[in-house]
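The values are calculated or read from the model by the stated rules, or taken from the named source; none is laboratory data. Because the structure is a prediction, the values reported are computed rather than measured. Glycine also receives a Cβ, built like all others from the backbone with ideal geometry; neighbour counts cover every protein chain displayed.
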Amino acid sequence: MKPVFDVRNLSVYYGNKVGIKSVSMQIYKNRVTAIIGPSGCGKSTFLRTLNRLVELVDGVRVEGEVLFEGKNIYDRDVDPVELRRKIGMVFQHPNPFPKSIFDNVAYGPRVHGIRDKERLREIVEQSLKRAALWDEVKDRLNDSALGLSGGQQQRLCIARAIATNPEVILFDEPTSALDPIASAKIEELMVELKKNYTVIVVTHNIQQAARISDYTAFFWMGELIEYDRTEKIFENPENELTERYITGRVG
C-alpha cells in the first residue's frame, strides 16, 4: 500500500516539555487511521504536526521529518497555507463561520481564487453531498449556518474541509461534543470518505476506533507504543500496555 505520510523520528517540544518523542510511522492512502491513548498522551499534538498547525503554538519546536508524498513538509520551501489546502482538518467542536451555509462551504475555494458563481455552486453541492448534508440543507443554503444542529454543523465543517479538494482529512475528536445519533452519522461518514480521501482521526473513544478504522496507533506519555492493523491491535496486541489500555485496566 502507498504511504501518504512517512513520519521519521518526529519529536515536538513545548519549551522544555515533551509533546511527542521519536515517533516513526507510515499512514496509508484511502484508509482510516485512528490515534488512541489517554488525555495528554500526544494524540492531538501528533495530528497537528501533519498540517503544521502545531507551529502556531508559541515556543514549540519540531524535530524529525514528516514526509507527505515524499516531501518533508517542514522544509523551508513548503508553504503551510497550500499544505493545509491539501490536508484539511475538522475540530472537536463544530466551528461554522457566522455566515450562510453556502458561504461556509464556498469560503475555502474563494480564498484559493475561485470566483465563478456556477463553479462555486457545483463545489458547494458536491461537498455537501459528500458530507451527507445536502438533502437536509439544499433548500436553505442562504440561511445562517449557526441555525443548524450540532451534528449538522459538524458535517458542514466536514463539507467545508472537502471543498478545497484535499487529499487528507484530519479529525480531532470530531464526535466528542455530539449526541449518540449525530456521532453515528459522523462515524458512517468517515468510513465513506476513505473512498476519496485519507482519513486520520484522534479519538478518546476506543470502541469508535475499533468500529471505523483500518489502522490504529496507540500513544502513551508522548510515545508511540504500538501501531498496526486495527484488528491486530484489538485482538492480539504485542505490547502489554496496549492490551491493558484497550481493556480498560489502565488509562
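Once region 75-126 is narrowed to residues that are out of contact with any strand residue (DSSP E or B) (no Cβ under 6 Å at 6 or more places or on another chain) and among the aromatic types (Phe, Trp, Tyr), the residue that is nearest to residue 44 (Cα to Cα) is 97. Within region 215-251, the set of residues being part of a strand (DSSP E or B), of a type in the set (Asp, Glu) and either farther than 21 Å from residue 2 by Cα or in contact (Cβ under 8 Å) with a residue 60 or more places away in the chain (or both) comprises 223 only.
If you go through region 27-71 and keep only what is modelled with pLDDT of 95 or more, among the aliphatic types (A, V, I, L, M) and over 19 Å from residue 169 (Cβ atoms), you end up with 60, 62. Being charged (D, E, K, R), surrounded by fewer than 20 Cβ atoms within 10 Å (Cβ to Cβ) and assigned to a helix (DSSP H, G or I) is true for just one of 195, 129. Which residue is that? The match here is 129.
Figure legend. Inter-residue proximity from region 66-78: first residues without any contact (Cβ under 8 Å) to a residue 12 or more places away in the chain, second residues among the β-branched types (Val, Ile, Thr), beta-carbon distance below 8 Å, spacing 6+ or different chains. Indicated pairs: 71/78; 72/66; 72/78. Within region 160-189, residues that are buried (at least 20 other Cβ atoms within 10 Å of the Cβ) and at pLDDT 95 or above sit with their Cβ atoms under 6 Å from residues that are of a type in the set (S, T, N, Q) and part of a strand (DSSP E or B), at 6+ positions apart or across chains, in these pairs: 168/198. The residues of region 132-151 that are closer than 23 Å to residue 201 by Cα and either crowded, with 20+ Cβ neighbours inside 10 Å or aromatic (Phe, Trp, Tyr) (or both), listed by number, are 133, 151. The residue that is nearest to residue 173 (Cα to Cα), counting only those in region 75-105 that are aromatic (Phe, Trp, Tyr) and part of a loop (DSSP other than H, G, I, E, B), is 91. Report yes if residue 48 is among the charged types (D, E, K, R) and either surrounded by 15 or more Cβ atoms within 10 Å (Cβ to Cβ) or within 14 Å of the chain's Cα centre (by Cα) (or both), otherwise no. Yes; evaluated as a whole, the condition is true for this residue. In region 103-124 there is at least one residue matching the filter, namely being under 22 Å from residue 199 (Cα atoms) and free of Cβ contacts under 8 Å to residues at least 40 places away in the same chain.
Across region 15-27, the qualifying residues are those that are more than 12 Å from residue 225 (Cα to Cα) and touching a strand residue (DSSP E or B) at 6+ places or on another chain (Cβ under 6 Å), and the one among them that is surrounded by the fewest Cβ atoms within 10 Å (Cβ to Cβ) is 26. For region 162-183, the count of residues that are part of a helix (DSSP H, G or I) and under 25 Å from residue 4 (Cβ atoms) is at least one.
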